[in-house]
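Pasting a structure here, questions to come.
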């Protein structure tokens, strides 16, 4: 989720920096990287060079280099850039879909269907992200029936094999995660589910564990936990990939990711951006080999 | 846990500010407040005015005003200050006990036994905090048998009715929380357990949910999430009380705490300290009444 992080940064990284980050993330063992987004350069100037990043980066065998694709025009660019996977996006909330994508959910589903057909013809993988799966910043609660309707239609009408349930504005909590994931698993047999959490209210990793208990094994993170919404000061970004990998590894879920490499890449990103990031394990070190911390004051 | 937060701050708040914070915390509905610590003013100058804070604050009926007490001298001060509860502290790790309290665990247990007797004679409640219950910054893993030994001895030898298992350096993770809590519950029938987490590696609230699943309903937090270890740069403090209350409330566990009041008090603390704090809900607002956040960039 390099894409979700960088699109919210004031400082625009050079294409070379972005390529360096993608290559380092792939080298750390991550198997799916959302490299960029094929969106309007006017809307998201931070990602205007998506085509150049895909063209310039050296690809590792076995790594899926994905891109967010909001419409048919983006799909054409994604095909030209030889993205491995198009992440097609719509929202479970009508208000949010209109604010974010400037169209109705119905129009988004139609666009996703056409984009998926285009991807199929090009031999490209597709997945979908369903924004506001745990609440909407405009509408509040999104009824479970709405989530199920749009997941079913993404699977049945648009032929999408994999859906990421996105907690766009950080409204998920563990019991809700279990409820939503369980009902989607029941309603959409054969679907591959991923979970995309923001740590807006501190619950990001708690929600990951709820997802794990529900059988989900795919989670999005952002390098160093960057991101957030430019219109909600103080809101935080995706969960930090290093914190996620650390949490999974200590809990006995091997990830195949080199945590130390990920931490070093996160620190490089901090230098590129010129500010601190929310990543915690980057600061504290891993659980058993972190810096020794003598407590000289009697503390509980 | 005003104590655990303030003892790690560079800026020393005035006694008046501390009294204001304690009174506002009590007014928000918190039922137990660790006001300060009766420790050496040389070791922890931030809390040198513990006696004056207890003397100056207006007490609310029903609220337990606790203090950390590391030794007999501290116990005498706690009795004189009319603290409602003495939080007696030792570590499950020998190295950490010696570093933090300058004595062996055996000597600490003896001191706790004597302090508890003194408290009993004064009609004061006692509890104990067992540091390093989920790992030690010096020794790494602390064997489960060590945790059980010291919990049993606190209960049986020192007559302590309530133990807070403390994740002193942020090494807990959900599966370990369930394992440790379950084994202590089995070994120490009748004990009241509390959990004290630091968010050092982002797992604070995830660990709270693991504790809840194990039947624990008492959790420590620090106002605005302040704290951390002065000797581990970047390490973070206790979990933020407002984030904790928010997580519990949205999950259907009523706390009796006025979250808005807590958030306002947290922001006042930020002003007093002159820096931002790790509290998340303070920035983002509560899940369903936070600021509306339009996403103009297509985002998952």
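The values are calculated or read from the model by the stated rules, or taken from the named source; none is laboratory data. Please read these numbers as outputs of a predicted model, since none were measured by experiment. Don't worry about glycine lacking a Cβ; one is built from the backbone with ideal geometry, like all the others, and counts go over all protein chains shown.
Given the conditions (1) within 13 Å of chain A (Cβ to nearest Cβ); (2) under 24 Å from residue B:47 (Cβ atoms); (3) within 20 Å of the chain's Cα centre (by Cα); (4) part of a loop (DSSP other than H, G, I, E, B), report the number of the one that residue B:160 does not fulfil.
(1)
Right, here's the next one. Name every residue in the range A:16-47 that is farther than 18 Å from residue A:223 by Cβ and at pLDDT below 95, in order of residue number.
A:39, A:40, A:41, A:42, A:43, A:45
Which ranges mark the strands (runs of 3 or more DSSP E) fully within the range B:43-150 that have 1 or more residues being farther than 18 Å from residue B:196 by Cα?
Passing ranges, in order: B:125-131.
Of (1) buried (at least 16 other Cβ atoms within 10 Å of the Cβ); (2) in contact (Cβ under 8 Å) with a residue 60 or more places away in the chain, residue A:11 satisfies all except one. Which?
(1)
Of the residues B:128, B:99, B:175, B:117, only one is surrounded by fewer than 16 Cβ atoms within 10 Å (Cβ to Cβ) and facing chain A (nearest Cβ under 10 Å); which?
On inspection, the qualifying residue turns out to be B:175.
Here is a further query. Can you tell me which residue within the range B:185-208, out of those that are buried (at least 24 other Cβ atoms within 10 Å of the Cβ) and farther than 19 Å from residue B:5 by Cα, is nearest to the other protein chains (Cβ to nearest Cβ)?
If we take residues in the range B:185-208 being buried (at least 24 other Cβ atoms within 10 Å of the Cβ) and farther than 19 Å from residue B:5 by Cα, then B:206 is nearest to the other protein chains (Cβ to nearest Cβ).
Turning to a different aspect of this structure: For the range B:122-137, give me the residue count where each residue is more than 21 Å from the chain's Cα centre (by Cα) and touching a residue at least 40 places away in the same chain (Cβ under 8 Å).
1
Further, regarding this structure: Does the range B:28-49 hold any residues that are without any contact (Cβ under 8 Å) to a residue 12 or more places away in the chain and at the interface with chain A (Cβ under 10 Å from one of its Cβ atoms), and which are they?
Those that are without any contact (Cβ under 8 Å) to a residue 12 or more places away in the chain and at the interface with chain A (Cβ under 10 Å from one of its Cβ atoms): B:40, B:43.
Let me ask something additional. In the range A:210-219, which residues are crowded, with 23+ Cβ neighbours inside 10 Å and within 11 Å of chain B (Cβ to nearest Cβ)?
Hit for the range A:210-219 is A:210, nothing else.
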